[in-house]
Every structure is written in C-alpha cells, then in structure tokens.
Amino acid sequence: MTMLKQKFDTATDVVGAWLSIGHPTVAEVTAAQDFDFVLIDTEHTPLGLQTVENMSRSVDAADGDTETIVRVPSNDPVRIKRVLDIGVAGVMVPMVESAAEAERVVDAVNYPPNGIRGVASGRAAEYGDDFQEYVTEANGSILTIVQIETQSGLDNAAEIAAVEGIDAVFVGPADLSANLGIFGQWENDRLTAAIETVLDAGAETNTPVGTLVVDPADIELRVDQGFDYLIVGKDTSHLSSANEAIRQRYETAVSRQAGTSSTED
C-alpha cells in the first residue's frame, strides 16, 4: 500500500494540487510545497504518457513525501494500465455513473485473478528488477478515485461509493453543474444539494469525498461542507492570478508616482 493510500484511509486533512501544465519543473516546484499529492490531468489536457512519466519522476525527486495521481481521460482499462505502469500512486477516473462502472475501474486497476490489468515490467516494477514482487503486491495498493459528475452518478452515489476497491470519490463541480443545467452557478441550491448527496453517500460508506477549489476564498466553504480532502488550486490559475496581481501592483505604483510628480510640479 502506498503512503498516499494509507493517508486516505486514516487522515482527514489530505490535500493535493492540480497540474495541467505538462512540464516537469512545474511538477517539481509544486511537489516541493509539501502537498500530499499532485494530480496530473490527462482528461482535458494534451499531455502524453512520456510527459506524465517525466512529471512523475520530478515529483519523486522533490524533497518531501508528495505522490502522484493521474486523472485518466475515461474508464478505459488500456489507458489505466498504461498510466499505472509508469508507477504512480493512484488514478482518478471521470464520469462514473453506476456501481457497475466503478467495478470496471477496480478491475482495470488490479491484476488477475482480482482484475484484468495486463502484466508488464515497466517503471512501476523497476523495469523488471522488482517484477514478481510488484505484481504480487500491487493489488490493493493503488489509490482508486472515481468522479461523480452527472445526475446518474448522483442517483447511484451510495452504490458507487460502496464498491469494494473504490478508495475515494471526487465531486467534479464544473461538470456536475453543467449536467444539472446550472453551469457555474456555484451558490445554486441544487448544486449544494447535489454535493450533499455525494457527501452523505461517502459518510454512509466511510468513503472519503473530495473536490477541487480554484478560488482560495472557497476553501473554508468546502471544509465546512464536510469534504474529507481537497485539491487546492490549479497551476494555470495560480500563474494567471499571480501575473495579474503583480501587473496591477506595478500599474498602481506607476500611477501613484505619476500623481506625486504632478503634485510636486
């Protein structure tokens, strides 16, 4: 079992960071900030396997205990297999809508006889040096997270969370609001009720429930709502907001200086 999977089993303050920029330096700088994990998104980015592998290496090279989760594009056992062969700590699978779909995720993550994952001596198995030991011990060691993002997922939330082998559930706020016909209406009562449905399902099955927070001002809200873990911030959003803030600060300083010069004249 990875250290991260143990944290999800026992801790209540697990925190991660979202990575969409496909560069190892971004991964390394982020991992050095003592997050429990970074999530590398391959659903809505052009990132390929080689890039993900190099980002994972950078996370491993950083000081601290940060581990890597990869969000795969879909519930595809081939994609899941290839990501796991890189040697990451876990996977997140989007758009899971039923217990049967969640069971297929678990099957894809596990080797036979517990699942259908193909056996190979990749980076996860030290390129063959640790082959037999890795294959023997891998089952049950990989953090497995599924996303609930649709009405069907909400309707089946408790059954999804109860599937053996599902370690955590994740609320995708953007897709969920879009599927409910209230995209971006973060304060809408229907979205709040939907979130509570997933949180209740997690509490009922003792399955951690998390979500993404892009605006730092929303952290307290999500903690107060009862989320068990959060992904706080996104690399592209940090870059954008920091650049805007420092540009505005410069413009304010220049404007102030211009005003002072005018007064002195």
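Observations
- Placing a label point 7 Å from the Cα of TYR127 along the Cα-to-Cβ direction, the residues of segment 42-73 with a backbone N closer than 19 Å are 49-61.
- Span from the segment 175-195 Cα centroid across to the segment 14-37 one, whole angstrom: 28
- For the chain, the relative contact order works out to 17 percent when only alpha carbon pairs closer than 8 Å and six or more residues apart are counted.
- Reducing segment 54-115 and segment 121-143 to their Cα centroids gives an inter-centroid distance of 14 Å.
- The chain: angle of helix 99-109 to the longest principal axis, Cα-based, in degrees nearest 10: 80
- Springs between Cα atoms under 10 Å define the GNM used for the chain, and in it the highest mean-square fluctuation of SER241, SER255, SER58 occurs at SER255.
- Computed per residue of the chain from DSSP H runs no shorter than four, each worth -39500 (n - 2.57), the mean residue ellipticity at 222 nm is -14500 deg cm²/dmol.
- The charge dipole of segment 81-195, taken about the Cα centre with unit charges on the Cβ atoms of Lys, Arg (+1) and Asp, Glu (-1), comes to about 240 debye, rounded to the nearest 20.
- At 0.692 mPa s and 37 °C, Stokes diffusion of segment 2-52 via Kirkwood alpha-carbon radius, µm² per second: 273
- Each of GLY202, GLY184, ALA27 was placed along the dipole of the chain (beta-carbon charges, centred on the mean Cα), and the one lying farthest toward the positive end is ALA27.
- Highest-fluctuation residue, ALA253, ALA162, ALA100 considered, GNM on the chain with Cα pairs under 10 Å: ALA253
- Maximal additional length on extending the ASP200-GLU159 stretch stands at 13.6 nm, based on 0.36 nm per residue less the C-alpha distance.
- Computed from point charges on the beta carbon alone (+1 for Lys and Arg, -1 for Asp and Glu), the dipole magnitude for the chain about its Cα centre is near 660 Debye.
- Residues with amide H under 5 Å from that of TYR111, placed H, sequence gap 5 or more: ARG117, ASN139
- Between amide H atoms placed 1.01 Å from N, distances below 5 Å from GLU67 occur with PHE37, VAL38, all of them 5 or more places distant or on a separate chain.
- For segment 215-256, the dipole from Cβ point charges (+1 on Lys and Arg, -1 on Asp and Glu) about the Cα centre works out to 340 debye, to the nearest 20.
- In sequence order, calculated HN-Hα J values of segment 165-175 (Karplus, 6.51, -1.76, 1.60; Hz; x Gly/Pro): x, 8, 8, 7, 10, 10, 8, x, x, 5, 5
Rule-based calculations on the coordinates, nothing more; no lab input. Computed from a prediction, not measured in an experiment: that's the story for all the values here. Please note: Cβ atoms are built from the backbone with ideal geometry, for glycine as well, and neighbour counts cover all protein chains shown.
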